[in-house]
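To start, the structure under review is shown below, and the notes come after it.
Every number here is computed from the coordinates shown, using simple stated rules; none is lab data. Here the structure is a predicted model, which means the values were calculated and not measured. Cβ placement follows ideal geometry from the backbone for every residue including glycine, while neighbour counts extend to all protein chains displayed.
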């Protein structure tokens, strides 16, 4: 029995590396101007809606302030990130993973479904039964909102792309709005990754499963008397 298709596993690990490089180089880029604005323009710190902390060298790529090198790293990782997202969406639609595992129903969004999902996640063997409502909702938000938002806002604030699709900035509310949305999406994605890692490290079989494709927990055998 295969739980994770080869396409999913390949994308997962390539995307993981890309996200780490993008996030750490993005922190270095953020250090160049630590203020966020809404609209088309923003230069004066008094007009900023958020003042971002200065990130230490150990958290950035490179590990010293260099806007030029950070942008090079960012651009390098952006390509596999964006192309990989397009690839995984095509794969998920083609192999039925999206319809089978990530599509939610109205009942999945109820408080009782969320509570039941959190309780079931603690039970051994819960992973063999497929994705629970909370997982479907979280993965749906990541795949359908956060990852695409990272791509489109990243393109919008890229000087080389603005001449190709100037309308994208209008859709996002201006260059500074796109920059703010890019920052928000990046840290929302960072929060998801932290939760994802904590849950994965709590059960090493989940990590092995993403390499082998097999379920982390084998289905429990049926009782012989009831079989």
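So how tilted is helix 6-30 from the main axis of the chain? Cα-based, degrees 0 to 90, rounded to 10.
30 degrees
Could you put 136, 214 in order, starting from the residue whose Cβ has the fewest other Cβ atoms within 10 Å?
Ascending number of Cβ neighbours within 10 Å: 214, 136.
What whole-number distance in Å separates the alpha-carbon centres of region 182-212 and region 16-39?
19 Å
Work out the FRET efficiency for residue 145 and residue 112 from their Cβ-Cβ distance, taking R0 = 25 Å, and round it to the nearest 0.05.
0.55
Arrange the peptides 35-48, 175-188 so that the one whose residues have, on average, the most other Cβ atoms within 10 Å appears first.
175-188, 35-48
Modelling each spin label as a point 7 Å along the Cα-to-Cβ direction, I'd like the residue 192/residue 5 distance in nm, to one decimal.
Each label point lies 7 Å from its Cα, and together they span 1.9 nm.
Compute the angle between helix 67-95 and the longest alpha-carbon principal axis of the chain, please, reported from 0 to 90 degrees and rounded to the nearest 10.
40 degrees
Between residue 47 and residue 214, take the C-beta separation as r, use R0 = 45 Å, and let me know the FRET efficiency to the nearest 0.05. Spell out each step's value before the answer.
On the way: r = 54 Å, r/R0 = 1.19.
That gives a FRET efficiency of 0.25.
State, as an integer percentage, the relative contact order of the chain based on alpha-carbon contacts under 8 Å between residues 6 or more apart.
The value is 26 percent.
Where does each of 34, 99, 3 land when they are ranked from fewest to most other beta-carbon atoms within 10 angstrom?
99, 34, 3
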